[in-house]
Amino acid sequence: MIVVGAMLVACGGDGSSNTEPDTTQDSGTPTPDSEPVPDSEPVPDPGPVEDTAPPPPAGPGAVTLSIDHVFDGQPLALGTDVTAPDGTTLQINVLRYWISNVQWHQADGSSHTVPASYYLFEQTAENTRNSLTIADIPAGDYTGFTMAVGVDKEHNHSTDVFEGELSTAVEMDWGWNSGFIFFKIEGEYNDNGAMTFFKAHVGKDDLYREVTVTFDAPITIDDAHQSAVQLSAEAKTIFNGWNVPDAPSIVGGPTNSPAGNVGTNYSQWFSLLAATSEE
Amino acid sequence: MLSIGCASDDGTANSSLTLPMVPVNLADAIPSPERNPLTIDGAALGRRLFYDPLLSANNEVACATCHIQEHAFSDGDSVSSAGVSGQALLRNTPALINLAWMGGYFWDGGGYDLESQAFAPIEHVDEMAQDLNELMDELAAHSDYLTLFSAAFEDGLTLPNVVRALAQFERTLISANAPYDRFVRGEDPDALTNVELHGLALFEGLCGGCHATDFFTDQSYRNNGLDTVYPDDHERVAWGRARITDDLADLGKYKVPTLRNIVLTAPYMHDGRFETLDDVLAHYRFGVQDTDTLDPLLRGDGGALGIPMTDDEAALLLLFLETLTDEDFLTNPAYSAP
């Protein structure tokens, strides 16, 4: 059963419980950390429900975040001709970017910040990684989330500090300007019949971009639900304002105007496909 | 073992016998980031790594290939071609002197701290060209390194600890025992001759605005009028500091270098364009070019460019600069190949 929205009325009474994982488990759902539910303490029941048993608070849950890479709405196929907004024919061979600082938002305005959330998403000939499961999210009904493309300035310069998946061993860092490459796209474009290499390696603090996604209806995340958020990332958007034949090699930050455009584009290439919660 | 023999009689210096004492005219102690405190084992490991060509792709290029002690850890080339590819670099190899107190490494300050900086030459295709995963495999397979890393760091051999060890060794590269230092610390009133003292007085007036303090740099980024155009090629390397800050007001600016051991670090400027110190002084006297971001200190009253001085004054300045040569630094066995 797909459940979208808040139907667990029994859990809705305590908006402050989302700052820490709730250790009290549903007695009907054994979990490794389950603790006995004190029977002398009835859980407040805010609404009319048919089930008269006191509904215990749910434990923290997990959510899977996936990002479908597409071009012109079709699944992105590496090494295949596509057409940029300005008509340039090109092929994408490498797509890599850091997703960081994920925060899950509840209807009451409170948020859960995922610690050390630095993830490398990529689609290359060697590897595709476009989803991840985030655990230990406090039980609750979530209206949306915020993530960033790039690495915040507090973590972007001392590149020997490997927080989350951050590392200098994955070819997503710069030496000349100590820091991480936020977004990397490489391929070939048709230069009067000759397929010619192009790349954009974009980063620097000013191109760190936060993206907030709001769901159509809240989803429940707790230990009784399989929750998932599916985004689409339209790679055609990345080429807005970037004429590849004019600037086939972009390296750097905002004053390199195509790089600045790419930075704007990767904050706008996502769209929400679905946010679901399955009991 | 790493003592450089500087006098430090006020008791504020590091009391360890095997980490360098800090000369009183520089600082009280060697600063380190909290995540990488300076230890004897860490610095010794860093020294070993600094001299080990295993850090390069072909196992033939070490840090020390281009950072040579008798050149105050520079290399005597305008731009080096000693890297794995044999391709000439685009910038002059900087000397490594008193780095613990510097902020912003490389000529444009793009290296954020000594730890992060060390990844750049190891990875750069025209320097050591090393794949970092391969480096970790080679270090793990080596007969000594697992033990040395375990002695130096709680978590033993890790990639961050490679650059942290290098940074620790670099922080011990302290130069402050030149004749100038012995004079200003009052250890030897005869360390500078009257002529050299005259040169010092001139230096403070003509050069001290940028080459300030006993580090002989104020650590600022300045355009000293070398060029008037800053092309975009080579990923905009000619932009200087602006390439790092993305601020066009920083076009053509480079970090004011220390002048310690300056006689031994020729050729000069970020691209090694000047062979001699005579050439450098000739630039400041006659060669400064007008450009939007030219340093105000090089623009005199009435719009005259550069630093006016007589031939005699230039000769005195050169005599003074020779008093910044620190023989202990250039020969200290604690800094040489282990």
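The values are calculated or read from the model by the stated rules, or taken from the named source; none is laboratory data. All values reported here derive from a predicted model rather than from experimental measurement. Using ideal geometry, Cβ is built from the backbone for each residue, glycine included, and neighbour counts are taken over all protein chains shown.
For segment A:217-242, taking the residues that are touching a helix residue (DSSP H, G or I) at 6+ places or on another chain (Cβ under 8 Å) and part of a loop (DSSP other than H, G, I, E, B), the one that is farthest from the other protein chains (Cβ to nearest Cβ) is identified as A:Asp222. For segment A:243-279, filtered to residues that are of a type outside the set (S, T, N, Q), within 14 Å of another protein chain (Cβ to nearest Cβ) and in a loop (DSSP other than H, G, I, E, B), the residue that is surrounded by the most Cβ atoms within 10 Å (Cβ to Cβ) is A:Gly253.
When residues in segment B:101-126 are screened for being under 17 Å from the mean Cα position of the chain (by Cα) and in a helix (DSSP H, G or I), 9 of them pass.
Is it true that B:Ala129 is over 20 Å from the mean Cα position of the chain (by Cα) and not in a helix (DSSP H, G or I)? When the stated conditions are applied, B:Ala129 passes them. Screening segment A:168-183 for residues that are closer than 20 Å to B:Val237 by Cβ and in contact (Cβ under 8 Å) with a residue 12 or more places away in the chain and picking the one that is nearest to the chain's Cα centre (by Cα) gives A:Ile181. Being out of contact with any Asp or Glu (no Cβ under 7 Å at 6 or more places or on another chain), within 11 Å of another protein chain (Cβ to nearest Cβ) and farther than 22 Å from B:Leu259 by Cβ: is that true of B:Asp144 here? Criteria not met by B:Asp144.
In the set (1) basic (Lys, Arg); (2) in a helix (DSSP H, G or I); (3) more than 14 Å from chain A (Cβ to nearest Cβ); (4) under 23 Å from B:Met269 (Cβ atoms), the condition left unmet by B:Arg243 is number (3).
B:Gly76 meets each of the listed conditions (1) more than 14 Å from chain A (Cβ to nearest Cβ); (2) buried (at least 17 other Cβ atoms within 10 Å of the Cβ) apart from (2).
Could you grab me the full set of residues in segment B:106-134 that are touching a residue at least 60 places away in the same chain (Cβ under 8 Å) and closer than 14 Å to A:Asp160 by Cβ? Once the filter is applied, which keeps residues that are touching a residue at least 60 places away in the same chain (Cβ under 8 Å) and closer than 14 Å to A:Asp160 by Cβ, segment B:106-134 yields B:Asp113, B:Glu115, B:Ile122. Taking the criterion of being surrounded by fewer than 17 Cβ atoms within 10 Å (Cβ to Cβ), among the acidic types (Asp, Glu) and away from chain B (no Cβ under 14 Å), the residues of segment A:118-169 that qualify are A:Asp136, A:Asp152.
Just to be sure, is B:Glu60 more than 14 Å from chain A (Cβ to nearest Cβ), surrounded by fewer than 18 Cβ atoms within 10 Å (Cβ to Cβ), in contact (Cβ under 8 Å) with a residue 12 or more places away in the chain and assigned to a loop (DSSP other than H, G, I, E, B)? The answer is yes for B:Glu60. Of all residues in segment B:210-235, those being out of contact with any His (no Cβ under 9 Å at 6 or more places or on another chain) and either among the hydroxyl-bearing types (Ser, Thr, Tyr) or outside any helix (DSSP H, G or I) (or both) number 18. Applying the criterion of at least 1 residues that are in contact with a helix residue (DSSP H, G or I) (Cβ under 8 Å, 6 or more places away or on another chain) to the strands (runs of 3 or more DSSP E) found wholly in segment A:97-152 leaves A:111-113, A:140-149. Among the residues making up segment B:256-275, those that are more than 14 Å from chain A (Cβ to nearest Cβ) and closer than 30 Å to A:Asp206 by Cβ are B:Val256, B:Pro257, B:Met269, B:Asp271. Listed conditions (1) away from every other protein chain (no Cβ under 14 Å); (2) within 19 Å of B:Tyr112 (Cα to Cα); (3) among the small types (Gly, Ala, Ser) are all met by A:Gly175, apart from (1).
When residues of segment B:120-141 are filtered for being facing another protein chain (nearest Cβ under 10 Å), crowded, with 21+ Cβ neighbours inside 10 Å and touching a Phe, Trp or Tyr at 6+ places or on another chain (Cβ under 9 Å), how many remain? Total satisfying the criteria: 1. Of all the numbered requirements in (1) outside any helix (DSSP H, G or I); (2) within 14 Å of another protein chain (Cβ to nearest Cβ); (3) in contact (Cβ under 8 Å) with a residue 40 or more places away in the chain, B:Pro160 misses one, and that requirement is (1). Taken over segment B:103-119, the criterion of being more than 7 Å from chain A (Cβ to nearest Cβ) and closer than 15 Å to B:Ala165 by Cβ is satisfied by B:Leu114, B:Ala118. I'd like to know if segment A:59-67 contains one or more residues that are modelled with pLDDT of 95 or more, surrounded by fewer than 14 Cβ atoms within 10 Å (Cβ to Cβ), farther than 18 Å from A:Asn240 by Cα and polar (S, T, N, Q). Looking through segment A:59-67, none of the residues is modelled with pLDDT of 95 or more, surrounded by fewer than 14 Cβ atoms within 10 Å (Cβ to Cβ), farther than 18 Å from A:Asn240 by Cα and polar (S, T, N, Q). Checked against the criterion of being under 24 Å from B:Leu99 (Cβ atoms) and either within 12 Å of chain A (Cβ to nearest Cβ) or not in a loop (DSSP other than H, G, I, E, B) (or both), the candidates B:Ala249, B:Ala167, B:Ala238 yield just one match: B:Ala167.
In the set (1) without any contact (Cβ under 8 Å) to a residue 40 or more places away in the chain; (2) in contact with an Asp or Glu (Cβ under 6 Å, 6 or more places away or on another chain), the condition left unmet by A:Lys199 is number (1). When segment B:178-200 is filtered for residues that are in contact with a helix residue (DSSP H, G or I) (Cβ under 9 Å, 6 or more places away or on another chain) and either within 25 Å of B:Ile307 (Cα to Cα) or hydroxyl-bearing (Ser, Thr, Tyr) (or both), the ones remaining, listed by number, are B:Tyr180, B:Leu192, B:Thr193, B:Val195, B:Glu196, B:Leu197, B:His198, B:Gly199, B:Leu200.
A single entry from B:Gly186, B:Gly199 fulfils the requirement of being on the phi < 0 side of the Ramachandran plot and either more than 14 Å from chain A (Cβ to nearest Cβ) or assigned to a strand (DSSP E or B) (or both): B:Gly199. In segment B:117-141, what residues are farther than 19 Å from B:Pro53 by Cβ and in contact with an Asp or Glu (Cβ under 6 Å, 6 or more places away or on another chain)? Listed by number, the list is empty, since nothing qualifies. Before we move on, is B:Asp278 surrounded by fewer than 19 Cβ atoms within 10 Å (Cβ to Cβ), at pLDDT 95 or above and either within 14 Å of chain A (Cβ to nearest Cβ) or more than 18 Å from B:Ala314 (Cβ to Cβ) (or both)? The answer is no for B:Asp278. Taking the conditions (1) within 14 Å of chain A (Cβ to nearest Cβ); (2) under 19 Å from the mean Cα position of the chain (by Cα) in turn, B:Asn98 satisfies each one other than (1). Scanning segment B:254-269 for residues that are in contact with an Asp or Glu (Cβ under 8 Å, 6 or more places away or on another chain) and either free of Cβ contacts under 8 Å to residues at least 60 places away in the same chain or in a loop (DSSP other than H, G, I, E, B) (or both) returns B:Val256, B:Arg260, B:Asn261, B:Ala266, B:Pro267.
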